[in-house]
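First the structure, in the form of structure tokens, and then the observations on it.
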Amino acid sequence: MSVDNAYAVELKGVTFKRGSRSIFNNVDIRIPRGKVTGIMGPSGCGKTTLLRLMGAQLRPASGEVWVGGQNLPTLSRSDLFDARKQMGVLFQSGALFTDLDVFENVAFPLRVHTQLSDEMIRDIVLMKLQAVGLRGAIELMPDELSGGMKRRVALARAIALDPQILMYDEPFVGQDPIAMGVLVRLIRLLNDALGITSIVVSHDLAETASIADYIYVVGDGQVLGQGTPDELMGSDNPRIRQFMKGDPDGPVPFHFPAPNYRADLLGTR
Amino acid sequence: MRRKSLLERIRLFGRSAIDVVAVLGRSGLFLMHALTGRGGIGGGFQLLVKQLYSVGVMSLAIIVVSGVFIGMVLSLQGFSILAKYGSEQAVGQMIALTLLRELGPVVTALLFAGRAGSALTAEIGNMKSTEQLSSLEMIGVDPLKYIVAPRLWAGFISLPLLAIIFSVVGIWGGSWVAVDWLGVYEGSFWSNMQNSVSFTDDVLNGVIKSLVFAFVVTWIAVFQGYDCEPTSEGISRATTKTVVYASLAVLGLDFILTALMFGDF
């Protein structure tokens, strides 16, 4: 047993590559149990990849991914599917099953993993939908829902089996202020009410900082910094400072690498 | 455009060969995981019935209409050729043998690849691009068991049945043209057919062919959907690949199977 009980997820020396390109180099991340942990970084830095490594949907080139006392990359295919029952994921698009209505989407994990009666499943689905404020939308199909409603239904489905770990992939992208406010409140509320561990992958600084107990900032295939939101705001690291303050130019340049501007315009390069 | 050096061409050829071997390996593992091992979920029979409906029943219309027309054309062509030798009474056996041995299994498989195969690829590809497959994985449900396996079995069961239906309606269409339109004596039409068609050599071999085609076409269709790039362009490319690869595989396998079943060597 290598995992510390204070941590729900531990990445130890994880390296991940796509082809010959290295996405993460020897990364160590520890997600504290029962807290909301934000994983932040600029777009394209591999935040979603990190989430998929934690769910073992991707296999690292080297390193260990410990969840619930198990090193996920070493598990067999069927054991891996069993291990995932303790996790819930809210995907960026919601990823609702388009051929099922709202009720059946939320009931799906209960139907495939439990032997509960239809009456019991109905009660649980109603409670989960009540928690996200969509009990009235029970008969709607996914294409009848707005983007924000889809994510809330997906959230109800993600908590249907009462997972110990809930992962959110860019939950605030493309949401109007009301939907965003609802999601922010729900993430914190569910974490505290259900006593679960929440991992929020996002580049939305204000929203994530407002609910996260702890934040990792990733970039260039490494963990650039970690700490509470206040600690990171006061960081001396110029890359973290640029990200936390949203400066357009700094260690991460505004311009993509290009030849000399004057030479390019004159056609003399 | 820069001319490629010989070394560059050899390198690209080697890369293509490695890619082909990698795809074959992936598709083999994909099939093995889908059809074997534990991890199946409850309600598997219901999933199969649902897929039998969308893959098999929904393909009935195109199969029946095509079968009738092909039987009618066979009858017209057969009659005009056989009439030159005064053998027009043998048109029944010609239609039956052609349909049972060749056209039934082959044309049904080609139509199946175009209608059901492309739909399977697009459906699974779309599930991949909208993260529904990832979502299933994270709910702890293996998409290979829940999504792929019922579709594989549905294709495997449906196609041979559709091929039999194709041959039956084709023979009916042929008899309508030959007997009711061209005036071939009905008794000779059916008795010649009965005397010359062997259950094991013709009917059974045709069914065996369509079983092989069913396996290959459905395998290609579901694999292309599962393995596609999750973008609209990727899904479109995968759908095209399904129809092209499945059609070529059917025609190539048909030659091999025909040589094994009917070649006298």
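If only residues of the range A:23-45 that are at pLDDT 85 or above and small (Gly, Ala, Ser) are counted, the one that is nearest to A:Gln222 (Cα to Cα) is A:Gly38.
When the range B:134-162 is filtered for residues that are away from chain A (no Cβ under 13 Å) and aliphatic (A, V, I, L, M), the ones remaining, listed by number, are B:Val148, B:Ala149, B:Leu152, B:Ala154, B:Ile157, B:Leu159, B:Leu161, B:Leu162.
Being under 19 Å from the mean Cα position of the chain (by Cα), within 14 Å of chain B (Cβ to nearest Cβ), crowded, with 18+ Cβ neighbours inside 10 Å and assigned to a strand (DSSP E or B) is the requirement here; does A:Val27 meet it?
No.
Taken over the range B:105-133, residues that are polar (S, T, N, Q) and more than 13 Å from chain A (Cβ to nearest Cβ) amount to 3.
A:Ser146: surrounded by fewer than 21 Cβ atoms within 10 Å (Cβ to Cβ), closer than 23 Å to B:Ser134 by Cβ and away from every other protein chain (no Cβ under 14 Å), yes or no? Against the criterion (surrounded by fewer than 21 Cβ atoms within 10 Å (Cβ to Cβ), closer than 23 Å to B:Ser134 by Cβ and away from every other protein chain (no Cβ under 14 Å)), A:Ser146 qualifies.
For the range B:119-159, taking the residues that are of a type outside the set (Asp, Glu) and not in a helix (DSSP H, G or I), the one that is farthest from B:Arg237 (Cα to Cα) is identified as B:Gly140.
Listed here are the residues, each with its yes/no results for (1) of a type in the set (Ser, Thr, Tyr); (2) at pLDDT below 95; (3) exposed (fewer than 14 other Cβ atoms within 10 Å of the Cβ); (4) within 30 Å of B:Phe30 (Cα to Cα).
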| residue | (1), (2), (3), (4) |
| --- | --- |
| B:Trp190 | no, yes, no, no |
| B:Thr200 | yes, yes, yes, no |
| B:Gly252 | no, no, yes, yes |
| B:Thr258 | yes, yes, no, yes |
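For first residues located in the range B:167-191 and free of Cβ contacts under 8 Å to residues at least 40 places away in the same chain, partners that are surrounded by 17 or more Cβ atoms within 10 Å (Cβ to Cβ) and aliphatic (A, V, I, L, M) and lie 6+ apart or on another chain with Cβ distances below 6 Å form the pairs B:Glu186/B:Val179.
Summed over the range A:102-136, residues that are away from chain B (no Cβ under 14 Å), in a helix (DSSP H, G or I) and in contact (Cβ under 8 Å) with a residue 40 or more places away in the chain total 2.
Results for (1) within 13 Å of chain B (Cβ to nearest Cβ); (2) outside any helix (DSSP H, G or I), shown as yes or no for each residue.
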residue	(1), (2)
A:Pro163	yes, yes
A:Leu166	yes, yes
A:Gln175	no, yes
A:Val184	no, no
A:Ile187	no, no
A:Val200	no, yes
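Scanning the range A:66-92 for residues that are more than 7 Å from chain B (Cβ to nearest Cβ), touching a Pro at 6+ places or on another chain (Cβ under 9 Å) and part of a strand (DSSP E or B) returns A:Gly88, A:Leu90.
The values are calculated or read from the model by the stated rules, or taken from the named source; none is laboratory data. Keep in mind it's a predicted model, so treat the numbers as computed, not measured. Ideal geometry is used to build each Cβ from the backbone, glycine not excepted, and the neighbour counts take in all protein chains shown.
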